[in-house]
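Take a look at the structure set out below.
The values are calculated or read from the model by the stated rules, or taken from the named source; none is laboratory data. Worth saying up front: this structure is predicted, and the values here are computed from it rather than measured. Cβ placement follows ideal geometry from the backbone for every residue including glycine, while neighbour counts extend to all protein chains displayed. We work out accessible area using only protein heavy atoms, side chains counted, and drop any ligands, DNA or RNA first. Shrake-Rupley method; radii C 1.70, N 1.55, O 1.52, S 1.80 Å.
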Amino acid sequence: MKELKDMRPEDMRGDYQETVLTYADNRARRVLYTQEEIPYPEGRLIVSTTDVTGIITHVNQSFVDMSGFSTEELMDAPHYILRHPDMPPAAFKDLWDTIEQGKKWFGYVKNLRKDGAYYWVYATVIPNVRDGQIVSYTSVRRKPSRTKVHECETFYPTLF
Amino acid sequence: MSYKLSVSPDYNPEQLSGWFIFNTWLQKTFGQAVHFDVYDDFSGQRQAINDNKIDLIYANPYDAGVLMREKNFVPLVCPHKKTDEALIAVANKHLAQNVEELDMGCRVAYTQDPSVQMMGMIMLEPADLNKNDVRPILCENYILIAKNLIKGQADVGFFLTEAYDHLSNLVRKQLRPLVRSQIFIIHHTLMIHPDMLAKMPNLQQALLEMPKQTTGLDALHNLGFDCWDAIGQEEMEFMIDVVDTLRS
Ligand SMILES: Cc1cc2nc3c(=O)[nH]c(=O)nc-3n(C[C@H](O)[C@H](O)[C@H](O)COP(=O)(O)O)c2cc1C
């Protein structure tokens, strides 16, 4: 796994806030974020695959385009580099509890871009089962409904 | 005993002769009898898959999962640079400018093609529309979808993008796409039953070399592409997993 780099002020688009996120593996990182939302690209799917510990092993072009990171920056990085400070940890606990049981998880996720802006997705994560074993996980995101995003914007803050 | 070749019923009718030519090529190349079975509906073909009556199949992405994971079919090749994409269109005069402006009870014209239905429904989700929120109008083919739209009998139509692009100019001028998928990952695949593969172990290689012979190249052109790409087991598993995430 790669060294975990802090986010940099020179990468930000416009005014930003700052916080420190501590991840499930106890590593911590300075995170910068703005209030700019980037609309989900029409007709696209954003796809990534991780190993069983959540380290990115594959991304498609739409993932690269939307996250603002290059493929090189994404590969071998923990998927949590996209975690937005507004996302409640309970959502991800539920995600991991579900997929580790071999089940499909879906939910609405606010993602953080390299430039501090955010984008909402409707994500499905599934275990990739080969010869009866979970060998990796794949997530496919699609354009979310605006109503559902508004519901999450009210509901997620209550989960902290 | 003859083997059975089958093609997902979503083929363009103009390509049917291409599949007959392909079947002739197959029989000549391998000296084996292969019968080309035509199914004009998906449920009929699915029944044949369940009854193990198919040995070689040009499968749509939706059926590929069952074929590979439950019937042990082996993926061989997929058409070069040809992925399955869908499009949602309205009549030119329709008021909606984007998917989000569509309302509950919206009349949706679609064919029985399961992949296009799946992609179409996904592209309606941003409008908060699910299966139960729309009024379905099942159509025999894409021309009839276009007619329904133009006559104002349907609000939106789900098209295979390739089929939409092949509509006549006259028809297309009266329609307007609201959204086109750009998924790039999902495609049709030629898949073979392991028993038949044992009899034709070099089939994948022969398919890849088709463009080198005139008869092979002619057969491919009749199918609407230039050559096949090899597809491996894991690549196929990945596509099936992606389709799986879209089913819910
Ligand atoms: C296949 C897969 C895709 C994921 N995609 C995202 C994502 O897009 N954004 C995100 O914040 N977390 C994603 N996660 C969850 C992260 O692994 C992680 O749990 C989350 O970012 C929260 O970090 P933490 O668990 O270290 O607190 C994904 C996990 C998997 C297995």
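Quantify how strongly other chains surround peptide A:132-142 by giving the mean number of their Cβ atoms within 10 Å of each of its Cβ atoms. Each step should come with its number before you reach the end.
Details: counts 0, 0, 0, 2, 2, 1, 5, 2, 9, 1, 8.
Averaged over the peptide's residues, the number is 3.
Under a cut-off of 15 Å between alpha-carbon atoms, report the aspartates and glutamates in cross-link reach of A:K103, not counting same-chain residues fewer than 8 places apart.
Answer for A:K103, where 15 Å is the Cα cut-off: A:D94, B:D241, B:D244, listed by chain and number.
Let me confirm one metric for peptide A:124-131, namely the mean number of other chain beta-carbon atoms within 10 Å of its residues' beta-carbons.
On the way: counts 6, 1, 5, 1, 6, 3, 3, 0.
Averaged over the peptide's residues, the number is 3.
Sequence gap at least 6, Cα distance under 8 Å: using those rules, report the relative contact order of segment B:104-159 to the nearest whole percent. Walk me through the intermediate numbers first.
Working: 81 pairs, mean separation 30.9, N = 56.
It comes to 55 percent, rounded to a whole number.
What is the antiparallel percent of DSSP beta bridges lying wholly in segment B:86-180, to the nearest 5? The partial results should precede the final answer.
On the way: 9 of 15 bridges.
The antiparallel proportion sits near 60 percent.
Using a 7 Å offset from the Cα along the Cα-to-Cβ direction at both B:R135 and B:K199, what is the distance between the two label points in nm, to one decimal?
5.1 nm
Pull up the DSSP beta bridges for segment A:9-159 and report the antiparallel fraction as a percent, rounded to 5.
Values: 33 of 34 bridges.
The antiparallel proportion sits near 95 percent.
Could you tell me the center-to-center distance, by alpha carbons, between segment B:22-81 and segment B:93-117 in angstrom?
Distance between centres, Cα-based: 31 Å.
Let me check against my output: what whole-number percent is the relative contact order of segment B:21-169, with C-alpha pairs under 8 Å and at least 6 apart? If you can, show how the numbers build up before the last one.
Values: 160 pairs, mean separation 37.6, N = 149.
Across segment B:21-169, relative contact order equals 25 percent.
Under 14 Å from a point placed 7 Å out from the Cα of B:N72 along the Cα-to-Cβ direction: which residues of segment B:195-234 have their backbone N that close?
Within reach of a label on B:N72, which here means backbone N under 14 Å from a point 7 Å along Cα→Cβ, segment B:195-234 contributes B:195-199.
Take peptide A:36-48, look around each residue's Cβ out to 10 angstrom, count Cβ atoms belonging to other protein chains, and average those counts.
Rounded to a whole number, the mean comes out at 4.
For a Förster distance of 30 Å, can you work out the FRET efficiency between the beta-carbons of A:L4 and A:E37, rounded to the nearest 0.05? Can you show the working numbers first?
Values: r = 25 Å, r/R0 = 0.85.
After rounding, the FRET efficiency stands at 0.75.
If one computes the Cα centroid of segment B:148-216 and of segment A:127-160, what distance in Å separates the two points?
For segment B:148-216 versus segment A:127-160, the Cα centre distance is 30 Å.
Mark the label point 7 Å from the Cα of A:D86 along Cα→Cβ and return the residues of segment A:14-52 whose backbone N is within less than 19 Å of it.
Once the point is set 7 Å along Cα→Cβ of A:D86, A:14-22, A:31-41 turn out to lie under 19 Å by backbone N, inside segment A:14-52.
On each of the three principal axes of the Cα atoms of the protein assembly as shown, give max minus min coordinate, whole Å, ordered largest first.
Principal extents (largest minus smallest coordinate, Cα): 69, 51, 36 Å.
Could you please report the charge total around B:Y39, scoring K, R as +1 and D, E as -1 over all other residues with beta-carbon less than 12 angstrom from its beta-carbon? Mind showing how you got there, number by number?
On the way: positive: B:K4, B:R46, B:K53; negative: B:D10, B:D37, B:D40, B:D41, B:D63.
Around B:Y39, the surrounding residues sum to -2.
Provide the solvent-accessible area of A:E10, counting protein heavy atoms only and rolling a 1.4 Å probe, rounded to the nearest 10 Å².
130 Å²
Using R₀ = 41 Å, calculate the FRET efficiency as 1/(1 + (r/R₀)^6) where r is the Cβ-Cβ separation of B:K93 and A:K148; round to 0.05. Mind dumping the intermediate values first?
Values: r = 31 Å, r/R0 = 0.75.
It comes to 0.85.
If contacts are Cα pairs under 8 angstrom and at least 6 residues apart, what is the relative contact order of chain A in percent? Display every interim value, and only then the final one.
Details: 298 pairs, mean separation 40.2, N = 160.
In percent, rounded to a whole number, it is 25.
Assign one of three labels to segment A:9-159, namely rounded, prolate or oblate, based on the Cα gyration tensor with a ≥ b ≥ c the square roots of its eigenvalues; rounded applies when a/c is under 1.5, prolate when it is not and a/b is larger than b/c, and oblate otherwise.
Values: a/c = 1.42, a/b = 1.34, b/c = 1.06.
It is rounded, given that a/c, with a ≥ b ≥ c, falls under 1.5.
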